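Here the structure is laid out as structure tokens; the discussion comes afterwards.
The values are calculated or read from the model by the stated rules, or taken from the named source; none is laboratory data. Worth saying up front: this structure is predicted, and the values here are computed from it rather than measured. Cβ coordinates were reconstructed from backbone atoms using ideal geometry, including for glycine residues, and neighbour counts include every protein chain displayed.
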Amino acid sequence: MAELRLEELSAKTIVAANGLTLRRGQEQFVTPPSYAIADSFINPVTSWPRVVLDGDKVVGFIRGNFDPEAIQEEFRSCVWRVTVAADAQGLGVGRFAVLALAAEAKSRGFERLTAIWEPGDNGPEEFFLRVGFTIVGQTQYGENLGALSL
């Protein structure tokens, strides 16, 4: 991989972000990027949508949310979505995106970054744990709540 970089989601990158393909079995754990893209325009003040580029190719998408006023603490500084193209998985793209989001959270004064994921085979749990998240609870729907100290 060339040097990875983040770029704010734009008209130039939105189609590529929406077209990212996953490995078989992962679809059940990820909301299509188009949903996150729409969310980012609904909540432009708190939303942080970025694509990960390898050269000129979009290889990932991440959306964070920063809302210090959120009633639920886990939504104040969180990973809302992260998607990495199937052929770029395991090459550091997701780690790069999450750590960039963590750095942004820290620069905004947050002390932790949270993520919520559904447990299961082919799910994102191993990824989040390898990046440094620890499971700190569960939602009422049985999803894991993870936190990364900043």
Report task. Could you please find all residues in region 102-133 being touching a residue at least 40 places away in the same chain (Cβ under 8 Å) and acidic (Asp, Glu)? Result -> Glu104, Glu118, Asp121
Query raised in the report: Scanning region 109-128 for residues that are over 13 Å from Arg63 (Cα atoms), at pLDDT 95 or above and surrounded by 14 or more Cβ atoms within 10 Å (Cβ to Cβ), which turns out nearest to the chain's Cα centre (by Cα)?
Result: Phe128
**Report entry** Top-ranked residue of region 88-97 - restricted to ones that are touching a residue at least 40 places away in the same chain (Cβ under 8 Å) and assigned to a helix (DSSP H, G or I), ranked as farthest from Gly146 (Cα to Cα)
**Finding:** Ala88
Report task. Report whether or not Leu150 is surrounded by fewer than 18 Cβ atoms within 10 Å (Cβ to Cβ), in contact with a Phe, Trp or Tyr (Cβ under 9 Å, 6 or more places away or on another chain) and either without any contact (Cβ under 8 Å) to a residue 40 or more places away in the chain or aliphatic (A, V, I, L, M) (or both). Result -> yes
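Matching residues to (1) among the hydrophobic types (A, V, I, L, M, F, W, C); (2) over 21 Å from Leu9 (Cα atoms):
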{"position": "Gly94", "(1), (2)": "no, no"}
{"position": "Ala105", "(1), (2)": "yes, no"}
{"position": "Ala115", "(1), (2)": "yes, no"}
{"position": "Pro124", "(1), (2)": "no, yes"}
{"position": "Gly146", "(1), (2)": "no, yes"}
Report task. Restricting attention to strands (runs of 3 or more DSSP E) lying wholly within region 1-85, give those where 3 or more residues are modelled with pLDDT of 85 or more and crowded, with 18+ Cβ neighbours inside 10 Å. Result -> 47-54, 57-66, 77-84
**Report entry** Filter result for Val136 (assigned to a strand (DSSP E or B) and either in contact (Cβ under 8 Å) with a residue 60 or more places away in the chain or over 26 Å from Leu4 (Cβ atoms) (or both))
**Finding:** yes
